[in-house]
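Below is one structure; the comments refer to it alone.
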Amino acid sequence: MKKRDMKKRDIGLDLTRIVAFVSVVSIHFFLNSGYYDAPVVGKRMYIMTLGRTFFGICVPLFMLLSGYLMINKSISIEKRAIFSYYKKISKVLGTYIVATGFIIVYKIVILHDVLNIKGILLNLLGYNQYSWYVNMYIGLYLLIPFLNLLWNSIEDKNGHVLLVFILLTMTVLPSVFNVYNFEEQRMLVRPYLTTTYNKLVPDWWTGIYPITYYYIGAYIKHHVEIKKVNTKKVFAVLIGTILLFGINNIWRSYSRGFFWGIWCDWGSLQDTAETILVFLLINSIDYKINDNISKLVAKISDLTFGAYILSWIPDNIFYPKMIGRVPEIQSRMKYCVLMVLIVVIVALVLSWGVQIVQQILKIVVHKIRKMPYKGKE
């Protein structure tokens, strides 16, 4: 990478991607270790539930970052201009296709799955394994020119505040009010006694939370002087927030398996507040590091998207081994850091392999295009 490119690159944003990726791998530890099958009782499970509360920032952090980076893109909705913009998603789709190819090869060679052409296409088009984010991002990417057009048509800060507030009302408010069952007398004291709740506010639009995060990122970009944010205060508030929401999650899941309700879903108040705080925390710091470390961080950041998809492979390899050696679910929790570290490293190496394959394919395609055409004489 050229030196002048490194100077333009914001290491805080690279670190944001890395933290989001590590959080994805961490949240998958809970999925693959059996955590959700164990009752939330005892100090170890309480600590793990606090961790589960925090790592919910993983996907929302990517979404917020998209808004922060893309909101200033001036994208005309004139036919040629918007088509030119849409073509740029080929980079994301290319990484997704090659990474999924790695997974399919792993399934055929290592797992001995029998996959014909139809099965391979269904895997690719079905956004299987951990690829649901790609499915979501395609739609968000298509909307970005229109989302930006709406944002830029609003001339003042008050209008931007109102837009974000309305979206928060539509996507976050249900996670605060639609979490009680007034037909269960003891619910307010023992919420873990029920899994059904009364609706107090409309919740039909909760599924558009990616747009909420996009505009939160846009708001921070336009109206927050992020380097002037008090890092220590943000850190203190973040710790308090994790404890507050973590205790709520423990309380709601006490004596049963962790219950993934709307109060801790991707668009919830919990994940929204923590995501904003983590983003501000990372990017409020004035990083003074040498060029070599900057290049390393930038390289890891570039690998995170492919590594996100490919983390399914090391998950599939290492978690069955851990489960076989440690049959008691609660005892597996102490291996969280080790398992996450192993999966992160292997997934990044595999993602590097994807980039190498993409470079080779580019060279091959370029050479084919350069070949002289032999038509009929």
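Just one of the numbered conditions (1) in contact with a Gly (Cβ under 6 Å, 6 or more places away or on another chain); (2) surrounded by fewer than 19 Cβ atoms within 10 Å (Cβ to Cβ) is not true of Lys87: (1).
Please work out if Leu303 is of a type in the set (A, V, I, L, M), closer than 30 Å to Val229 by Cβ, at pLDDT 95 or above and out of contact with any Asp or Glu (no Cβ under 9 Å at 6 or more places or on another chain). Give the steps one after another, and end with the answer.
Numbers: of a type in the set (A, V, I, L, M): yes; closer than 30 Å to Val229 by Cβ: yes; at pLDDT 95 or above: yes; out of contact with any Asp or Glu (no Cβ under 9 Å at 6 or more places or on another chain): yes.
So Leu303 passes the test.
Residues of segment 297-347 that are of a type in the set (A, V, I, L, M, F, W, C) and surrounded by fewer than 16 Cβ atoms within 10 Å (Cβ to Cβ): Ile317, Ile323, Val337, Leu338, Leu341, Ile345. Restricting segment 165-178 to residues that are surrounded by fewer than 16 Cβ atoms within 10 Å (Cβ to Cβ) and of a type in the set (A, V, I, L, M), the residue that is farthest from Gly257 (Cα to Cα) is Ile166. Number of residues in segment 110-136 that are touching a Phe, Trp or Tyr at 6+ places or on another chain (Cβ under 8 Å) and either more than 25 Å from Ile208 (Cα to Cα) or among the hydroxyl-bearing types (Ser, Thr, Tyr) (or both) equals 3. So, Ile289, is that one modelled with pLDDT of 95 or more, out of contact with any helix residue (DSSP H, G or I) (no Cβ under 6 Å at 6 or more places or on another chain) and under 23 Å from Gly12 (Cα atoms) or not? Here the answer is no, as Ile289 does not meet what is asked. Being part of a loop (DSSP other than H, G, I, E, B), more than 29 Å from Met136 (Cα to Cα) and not aromatic (Phe, Trp, Tyr), is that true of even one residue in segment 351-363? No, because not a single residue in segment 351-363 is part of a loop (DSSP other than H, G, I, E, B), more than 29 Å from Met136 (Cα to Cα) and not aromatic (Phe, Trp, Tyr).
The single condition from (1) more than 30 Å from Trp151 (Cα to Cα); (2) more than 21 Å from the chain's Cα centre (by Cα) that Lys299 fails is (2). Filter segment 90-125 down to the residues that are modelled with pLDDT of 90 or more, of a type in the set (Gly, Ala, Ser) and out of contact with any helix residue (DSSP H, G or I) (no Cβ under 7 Å at 6 or more places or on another chain), then identify the one that is surrounded by the fewest Cβ atoms within 10 Å (Cβ to Cβ). The selected residue is Ser90.
Scanning for something within 19 Å of Ile144 (Cβ to Cβ) and surrounded by 22 or more Cβ atoms within 10 Å (Cβ to Cβ), does segment 43-56 turn up at least one residue? Looking through segment 43-56, none of the residues is within 19 Å of Ile144 (Cβ to Cβ) and surrounded by 22 or more Cβ atoms within 10 Å (Cβ to Cβ). A single member of Gly246, Gly217, Gly240 is modelled with pLDDT of 95 or more, closer than 21 Å to Gly267 by Cα and loosely packed, with under 12 Cβ neighbours inside 10 Å, and it is Gly240. Taking first residues from segment 179-203 that are surrounded by 14 or more Cβ atoms within 10 Å (Cβ to Cβ) and modelled with pLDDT under 85 and partners that are small (Gly, Ala, Ser) and part of a loop (DSSP other than H, G, I, E, B), the Cβ contacts under 8 Å between residues at least 6 apart in sequence or on separate chains come to Tyr192/Ser255.
Can you pull out the residues in segment 282-298 that are in contact (Cβ under 8 Å) with a residue 12 or more places away in the chain and farther than 22 Å from Phe29 by Cβ? Once the filter is applied, which keeps residues that are in contact (Cβ under 8 Å) with a residue 12 or more places away in the chain and farther than 22 Å from Phe29 by Cβ, segment 282-298 yields Asn283, Ser284, Ile285, Asp286, Tyr287, Ile289, Asp291, Ser294, Lys295, Val297, Ala298.
The values are calculated or read from the model by the stated rules, or taken from the named source; none is laboratory data. These numbers were taken from a predicted model, which means no experiment stands behind them. With ideal geometry, Cβ positions are generated from the backbone for all residues, glycine too; neighbour counts draw on all protein chains shown.
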